[in-house]
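Asks: Just dropping this structure here.
The values are calculated or read from the model by the stated rules, or taken from the named source; none is laboratory data. What you see is a predicted model; the values in this text were computed from it and never measured. Cβ coordinates were reconstructed from backbone atoms using ideal geometry, including for glycine residues, and neighbour counts include every protein chain displayed.
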Amino acid sequence: MKSILIFFTQSTTSFTHFLRIAIFIVMAWIGGLKAFQYEADGIVPFVINSPFMSFFFAKSDAMAVNKEGVLVKEYNLHKNPEGLVVQKNIDWHSENGTYLFSYGLGLVICIIGVLVLLGIWFPQIGFWGGILTFGMSIVTLSFLITTPEVYVPNLGGDFPTPHYGFPYLSGAGRLVLKDIIMMGAGLIIASESAKQWLKSA
């Protein structure tokens, strides 16, 4: 048992590098997917409901009446389920600026991932990558407050579920909540990079 503990004690640097590689893979993969229509459509509820980001979209304040006669934000009528392509919805997203914003966001996410990865060799760069990872996670976690879609909706029906609203996370909400792990990882990367930076100064 002692030899195992010694191994883990002596492997901190290797594990930190693995964490950097893991963050890079997540950032590059998710950031890269932002160039595709289905992923771009999926970010609309998060961005359009955020007081910090909604100004990026042309139709952030647009309202419309749904099939039930209820006034809702217009984006609710133009959601493309993953794997389904509806041209009128794509046209709406094009007018909204969804795709242009998504390309920019994807590029930013990929750049952060590269900065974190470069921290293996350049601690100064890795430090800022860790800080930006932490900051990005704060923005993502704010969606738990601003985005209705992160909680199970009350759809009613013959057998309405008693489990809706806070704290019952939807699939989207569970994905958002996981960013608290990314937040912690960003701090660890920044801390380790700062230590290496000071050593080389």
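Quick grid of which residues meet (1) free of Cβ contacts under 8 Å to residues at least 12 places away in the same chain; (2) among the hydroxyl-bearing types (Ser, Thr, Tyr):
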{"site": "Ser3", "(1), (2)": "yes, yes"}
{"site": "Ile6", "(1), (2)": "yes, no"}
{"site": "Arg20", "(1), (2)": "no, no"}
{"site": "Asp41", "(1), (2)": "no, no"}
{"site": "Ser60", "(1), (2)": "no, yes"}
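Asks: Here are Gly106, Gly119, Gly113: which of them is surrounded by 13 or more Cβ atoms within 10 Å (Cβ to Cβ), within 17 Å of Ile30 (Cα to Cα) and in contact with a Lys or Arg (Cβ under 6 Å, 6 or more places away or on another chain)?
Replies: Result of the check over Gly106, Gly119, Gly113: Gly106.
Asks: Can you tell me which residue is nearest to Ser60 (Cα to Cα) among those in the range 80-118 that are among the polar types (S, T, N, Q) and more than 16 Å from the chain's Cα centre (by Cα)? First the steps, then the outcome.
Replies: From the range 80-118, those among the polar types (S, T, N, Q) are 80, 87, 89, 94, 96, 98, 102; that's our starting set.
After this cut, where a residue has to be more than 16 Å from the chain's Cα centre (by Cα) as well, the list is 80, 87, 89, 94, 96.
Numbers: Asn80: 17, Gln87: 20, Asn89: 15, Ser94: 13, Asn96: 8 Å.
Among those residues, the one meeting the criterion is Asn96.
Asks: Next up: Being part of a helix (DSSP H, G or I), at pLDDT 95 or above, over 13 Å from the mean Cα position of the chain (by Cα) and closer than 30 Å to Leu198 by Cβ narrows it down to one residue among Gly126, Gly135; which is it?
Replies: Gly126
Asks: Looking at the range 1-107, what helices (runs of 4 or more DSSP H) fall wholly within it and have at least 3 residues that are among the charged types (D, E, K, R)?
Replies: Counting at least 3 such residues, we get 87-96.
Asks: State the number of residues belonging to the range 40-82 that are within 18 Å of Ser170 (Cβ to Cβ) and either of a type in the set (Gly, Ala, Ser) or touching a Gly at 6+ places or on another chain (Cβ under 8 Å) (or both).
Replies: 3
Conditions tested, residue by residue: (1) modelled with pLDDT of 90 or more; (2) under 18 Å from the mean Cα position of the chain (by Cα); (3) farther than 24 Å from Leu177 by Cα.
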| residue | (1), (2), (3) |
| --- | --- |
| Ala35 | yes, yes, no |
| Tyr38 | yes, yes, no |
| Val44 | yes, yes, no |
| Pro51 | yes, yes, no |
| Lys59 | yes, no, yes |
| Lys67 | no, no, yes |
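Results for (1) closer than 25 Å to Leu155 by Cβ; (2) surrounded by fewer than 15 Cβ atoms within 10 Å (Cβ to Cβ), shown as yes or no for each residue.
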position	(1), (2)
Phe52	no, yes
Phe57	no, no
Gly69	yes, yes
Val72	yes, yes
Leu77	yes, no
Asn80	yes, no
Leu84	yes, yes
